[in-house]
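Data first, discussion second: the structure below is written as structure tokens.
The values are calculated or read from the model by the stated rules, or taken from the named source; none is laboratory data. Values in this document were obtained by computation on a predicted structure and should not be read as measured data. Every residue, glycine among them, receives a Cβ derived from its backbone with ideal geometry; neighbour counts consider all protein chains shown. Keep in mind that these areas ignore ligands, DNA and RNA; they rest on the heavy atoms of the full protein, side chains included. Shrake-Rupley method; radii C 1.70, N 1.55, O 1.52, S 1.80 Å.
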Amino acid sequence: ASAYPTAAMVSGARAKLGDQGEKLSVMAMHSSAYYELVTLKALDYVSAAEMGSTDPVGGSRVASFGDVRIPTYMNMRVVVSDDLGADDVFFFTPGAIASGQQAGLRSETDRDILAKASYVSFDWHPVYHPIGTRYVGTGVNPDRAALADGANWEKVFEDKNVGIVKGAL
């Protein structure tokens, strides 16, 4: 096993999606794997302007942050997170993860008359969900361990339509 994603791993991930394999465009990995790729000089860096400077939500990344350099490996955008296991690499197609709100934005206000100060508090509860799967575990607010347990998930799409592939180093 290697300490970084290899061409064989990327090819194997694409093969799992069959004719949809070329849609994999993002890979997420632990920083230890990322820095192995840095050491090997295996990463290409693409500027935000080259990728298209318009953010899908609106605005321009170039205007906000300058010409940001985005790491790519085998034509896939690289996302680095130490929330992933050191031996895990995940591959994604566009739209594989949906985002939404578990509850609407709520605000509360309070006034401390002795300090002559007003306070505002906001609650925002975003939720992210892998498309093509269904959570079948118990409980309304599962903890991280319950979400990580594969037995708590059920696939509702065919494999090649889920859009997420897990690789192991």
remark   = Rounded to the nearest 10 degrees, the helix 7-16 long axis (Cα) sits at an angle to the longest Cα principal axis of the chain of 70
request  = Add +1 for every Lys or Arg and -1 for every Asp or Glu among the other residues with Cβ under 11 Å from the Cβ of Ala33, and state the total.
outcome  = -4
query = Under a Cβ-Cβ cut-off of 11 Å, what is the net charge of the residues other than Asp44 that fall near it, where Lys and Arg count +1 and Asp and Glu count -1?
reply = +2
Order by protection proxy (mean Cβ within 10 Å, highest first), peptides 142-152, 79-89 = 79-89, 142-152
ask   = Once every DSSP H run of n ≥ 4 in the chain is given -39500 (n - 2.57) and the sum is divided by its residues, what mean residue ellipticity at 222 nm do you get, rounded to the nearest 500 deg cm²/dmol?
value = -5000 deg cm²/dmol
inquiry  = Just to confirm, what accessible area per residue do you get for the chain at 1.4 Å probe, in whole Å²?
reply    = 65
ask   = How do 161-167, 111-117 rank on mean C-beta neighbours within 10 Å, highest first?
value = 161-167, 111-117
request  = Restrict the search to the range 84-169; then list the GluC sites (Glu not before Pro) that DSSP places in a loop and that have at most 11 other Cβ atoms within 10 Å of their Cβ.
outcome  = Glu158
message = Within the chain, what whole-number % of the accessible surface is contributed by carbon and sulfur, with the 1.4 Å probe and all protein chains included in the calculation?
response = 54
ask   = Near the amide H of Ile97, under 5 Å away, which other amide H atoms are found, from residues 5 or more places off or on another chain, if H is placed in the peptide plane?
value = Ile131
